[in-house]
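Trainee: What follows is a single structure, and I will ask about it in a moment.
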Amino acid sequence: MEKTLMFSSANEVRIGKVLRFIIPTYLTSLFNTLYTIIDGVFVSSYVGTNALAAINIVYPIVNILTGIALVFAAGGSAVAALFIGGRKNKEANAAFSVSIVFSLLGGFLVSIAVALDLNHVLRLLGATSATMEDCRIYAFWWLIATPTVMIKELLTYFIRADGSPTYSFLTALAGGICNIVLDYILISHFRMGLQGAAIATVLGILLSCCMGAYYFCRKRKVLRFTLYGFNVHLGLRCMINGTSELVDQVAIAITTVAFNRTAMAFAGEDGIAAVSIIMYLQFLVLGIYFGFSMGIAPALGYACGDGRKDVCKVLEGYAWRFFAVAPPVLYIIAYVIAPMGVGFFAESGSDVYRMAIDGMRWYGLGFIFAGLNIFSAIRFMAYGKGHLSGIITFLRSFALLILFLIILPRFWELRGVWLSVPFAEGLTLIVSMGITVCDFRKNRAAYATCCRNDLC
């Protein structure tokens with residue numbers, strides 16, 4: 001492996017070595033965020049805010065497809081890391097292989113189901129006569145690209161589990177640059193509108209997918225495709241461990257519809273456009289949280305698989321300190337630069353511009369709590385405790401968010417829509433810390449042998 005984070009004792013843990021995993025993973029998350037934002041900027045500048053709204057309407061479909069991939073990408077790669085830490089490479093290969101097959105099958109079934117009644121699905125998601133045609137175009141290309149999307153997400157995560165986060169970043173970088181260049185060519189020069197944006201995105205994903213496939217075709221690696229140990233039980237184990245990722249993506253899909261419909265009720269299609277802008281900008285902060293958490297997750301998995309409780313404790317210490325300091329700082333930055341960020345998407349002084357700035361500043365209060373929630377969920381997944389990870393994700397991404405999205409607008413109208421996120425994240429933080437403390441007390445002795453028992 002490129003830079004393996006397998007430590008035989010806590011004394012070997014060095015922040016510099018850990019950062020070699022965290023930084024490329026963070027950069028991967030950041031660059032995926034940036035080219036998604038740039039994609040939105042091109043669409044809003046050259047096509048219009050209705051097209052931007054259409055993208056947001058279609059995104060629940062994308063979220064579900066991505067969620068299926070991430071179930072096995074995140075859950076399966078965490079299981080593979082546990083096996084690698086326990087020196088069980090054949091079992092790690094089996095986890096890798098079964099994750100690919102199961103995710104492709106799931107993605108195929110969902111995409112076919114959506115395609116068979118696409119118009120009805122889009123209307124349920126909030127498409128209007130003004131946005132339906134753009135929605136159909138954008139959805140069509142994503143459905144066509146489903147296998148590529150599946151494989152790309154899986155390979156990205158398993159390359160990191162294999163010990164090569166830098167190469168994983170390079171795949172994202174190459175795909176992102178390809179997307180941006182094609183956006184410029186197809187949207188700005190050839191005036192292909194939303195279809196050009198969709199094609200650019202799909203081809204960028206295809207390039208990342210090809211680079212990931214090339215990595216696993218090389219000989220010097222741990223993970224490889226195999227039929228050894230390939231069974232449904234292992235597939236279900238990977239799926240259950242990655243439950244939080246599916247919950248997150250499905251929740252995003254449902255809550256996006258809820259956000260769109262609620263904003264539509266108070267502010268029409270300008271409200272949906274404002275929601276779209278805020279959704280783009282939030283990724284800049286949440287990407288930091290996910291990048292750090294996913295970067296340290298393989299190290300936690302290796303240590304757990306090797307039965308090194310002391311190493312887990314040191315690694316967690318780095319994470320808890322980071323998430324105690326970074327969130328309030330990031331919120332202050334987001335508050336200050338909100339006008340500049342929104343200005344990339346909407347004309348200064350427009351209703352959408354004013355609405356999105358106000359929304360971003362209230363919505364962004366959730367950043368203060370979200371970091372610890374995200375890390376707690378990914379930490380449990382790294383330890384093979386996907387059910388606890390799923391509970392945290394279900395609360396922050398769906399149950400509490402929907403609850404506050406129903407209640408708060410009754411009192412504060414559109415501002416209540418934005419406040420639903422910080423309320424949901426804050427209450428989830430209380431619950432997630434409670435779960436973390438209870439789990440630690442319950443399994444204090446078991447952490448030292450967490451994978452030697454029932455995990456591996």
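The values are calculated or read from the model by the stated rules, or taken from the named source; none is laboratory data. All values reported here derive from a predicted model rather than from experimental measurement. Neighbour counts run over all protein chains shown; Cβ positions are idealised from the backbone, glycine included.
Trainee: From GLY235, GLY271, GLY196, which residue is buried (at least 19 other Cβ atoms within 10 Å of the Cβ), at pLDDT 90 or above and on the phi < 0 side of the Ramachandran plot?
Mentor: Of the residues listed, the single one that is buried (at least 19 other Cβ atoms within 10 Å of the Cβ), at pLDDT 90 or above and on the phi < 0 side of the Ramachandran plot is GLY196.
Trainee: Now a separate question. Against the condition surrounded by fewer than 21 Cβ atoms within 10 Å (Cβ to Cβ), in a helix (DSSP H, G or I), of a type in the set (D, E, K, R) and on the phi < 0 side of the Ramachandran plot, how does GLU91 come out, does it pass?
Mentor: Taking the combined requirement at face value, the residue satisfies it.
Trainee: Could I ask something else about it? Basic (Lys, Arg) and part of a helix (DSSP H, G or I): is that true of ARG237 in this structure?
Mentor: Here the answer is yes, as ARG237 does meet what is asked.
Trainee: For a quick check of your reading: which helices (runs of 4 or more DSSP H) sit entirely within segment 372-432 and have at least 2 residues that are among the small types (Gly, Ala, Ser) and modelled with pLDDT under 95?
Mentor: Of the helices (runs of 4 or more DSSP H) lying wholly inside segment 372-432, those with at least 2 residues that are among the small types (Gly, Ala, Ser) and modelled with pLDDT under 95 span 386-394.
Trainee: Among the numbered conditions (1) on the phi > 0 side of the Ramachandran plot; (2) at pLDDT 90 or above, tell me where PRO328 comes up short.
Mentor: PRO328 satisfies every listed condition except (1).
Trainee: Search segment 32-57 for residues being surrounded by 20 or more Cβ atoms within 10 Å (Cβ to Cβ) and either under 17 Å from the mean Cα position of the chain (by Cα) or at positive phi (or both), and hand back the single one that is modelled with the highest pLDDT.
Mentor: ASN56
Trainee: Take the residues in segment 162-199 that are of a type in the set (A, V, I, L, M, F, W, C) and either in contact with a Ser or Thr (Cβ under 6 Å, 6 or more places away or on another chain) or not in a helix (DSSP H, G or I) (or both), then tell me which one is farthest from ILE151 (Cα to Cα).
Mentor: PHE190
Trainee: Got a sec? Which of SER129, SER111, SER97 is of a type outside the set (Lys, Arg) and outside any helix (DSSP H, G or I)?
Mentor: Exactly one of SER129, SER111, SER97 is of a type outside the set (Lys, Arg) and outside any helix (DSSP H, G or I), namely SER129.
Trainee: Something else: Between VAL329, VAL325, VAL311, which is more than 17 Å from the chain's Cα centre (by Cα), among the β-branched types (Val, Ile, Thr), over 26 Å from THR36 (Cα atoms) and surrounded by fewer than 17 Cβ atoms within 10 Å (Cβ to Cβ)?
Mentor: VAL325
Trainee: Anything in segment 274-286 that is under 15 Å from the mean Cα position of the chain (by Cα) and either modelled with pLDDT of 85 or more or within 15 Å of MET355 (Cα to Cα) (or both)? List them, or say none.
Mentor: Correct list: MET279, TYR280, LEU281, GLN282, VAL285, LEU286.
Trainee: Let me ask something else. Going by the conditions given, is LEU365 under 26 Å from ALA303 (Cα atoms) and out of contact with any His (no Cβ under 9 Å at 6 or more places or on another chain)?
Mentor: no
Trainee: Pairs, please: C-beta under 8 Å, at least 6 apart or cross-chain, first residue touching a residue at least 24 places away in the same chain (Cβ under 8 Å) and on the phi > 0 side of the Ramachandran plot and in segment 121-140, second in a helix (DSSP H, G or I) and of a type in the set (A, V, I, L, M, F, W, C)?
Mentor: Short answer, once both residue conditions are applied: GLY126/ILE57; GLY126/VAL257; GLY126/MET264; GLY126/ILE272.
Trainee: For a quick check of your reading of the model, give me the residue pairs whose first member lies in segment 426-441 and is under 15 Å from ARG379 (Cα atoms), whose second is of a type in the set (Gly, Ala, Ser) and surrounded by 18 or more Cβ atoms within 10 Å (Cβ to Cβ), with beta-carbon atoms closer than 7 Å and at least 6 apart or on different chains.
Mentor: SER432/SER376; THR436/SER376
Let's see how each residue does on (1) at pLDDT 90 or above; (2) in a helix (DSSP H, G or I); (3) surrounded by fewer than 17 Cβ atoms within 10 Å (Cβ to Cβ):
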| residue | (1), (2), (3) |
| --- | --- |
| PHE225 | no, no, yes |
| ASP248 | no, yes, no |
| THR255 | no, yes, no |
| ARG261 | no, yes, yes |
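Trainee: Assuming THR131 fulfils every condition listed in (1) more than 23 Å from GLY235 (Cα to Cα); (2) surrounded by 21 or more Cβ atoms within 10 Å (Cβ to Cβ); (3) of a type outside the set (Lys, Arg); (4) at pLDDT 90 or above apart from one, which condition is it?
Mentor: Result: THR131 fails condition (4) only.
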